[in-house]
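See structure below.
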Amino acid sequence: VQLQASGGGLVQAGGSLRLSCLSSRDIFSLNAVAWYRQAPGKERELVATITTGGSTNYLDSVKGRASISRDNAKNTVNLQMNSLKPEDTAIYYCAAAPRGERYENWGQGTLVTVSS
């Protein structure tokens with residue numbers, strides 16, 4: 001599975017961004033798709049996940065501000081981020097777990113920078 005992340009950019013605090021992850025395979029064939037992020041000097045963290053059944057989970061710090069969704073027709077998983085904060089600044093990666101729970105396939109990352 002090949003993944004291509006896009007949608008990052010520079011935004012002011014309080015703004016919004018929509019990140020997209022284009023999959024080379026049918027989204028429904030993947031057990032789960034996730035968005036991770038890694039800020040400078042920090043460990044990678046799991047931001048949001050969506051399973052083939054549609055279940056979602058979010059990092060506590062983005063709950064209420066983030067929404068992960070699938071666009072089946074476009075084989076895309078989107079991450080809508082609202083009320084962005086400077087601490088959301090990071091490289092965001094999408095990842096796919098084709099089987100089980102192990103994220104085996106990764107996109108190249110897209111940089112989100114939130115200015116205060």
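The values are calculated or read from the model by the stated rules, or taken from the named source; none is laboratory data. Just so it is clear, the structure is predicted and the values come from calculations on it, not from any experiment. Virtual Cβ from ideal backbone geometry, glycine too; neighbours counted across all protein chains shown. Accessible surface areas use protein heavy atoms only, side chains included; no ligands, DNA or RNA. Shrake-Rupley method; radii C 1.70, N 1.55, O 1.52, S 1.80 Å.
Summary table below
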quantity: Residue in region 19-36 that is farther than 22 Å from Glu101 by Cβ, surrounded by 13 or more Cβ atoms within 10 Å (Cβ to Cβ), among the basic types (Lys, Arg) and in contact (Cβ under 8 Å) with a residue 40 or more places away in the chain present; calculated: no
quantity: Near pairs, Cβ below 8 angstrom, 6+ apart or cross-chain, from region 84-112 (open to solvent by 80 Å² or more (accessible area, probe 1.4 Å) and at pLDDT 95 or above) to any residue that is in a loop (DSSP other than H, G, I, E, B) and not hydrophobic (A, V, I, L, M, F, W, C); calculated: Leu111/Gly8
quantity: Among the candidates Thr76, Thr49, Thr56, residue that is in contact with a Cys (Cβ under 7 Å, 6 or more places away or on another chain) and among the hydroxyl-bearing types (Ser, Thr, Tyr); calculated: Thr76
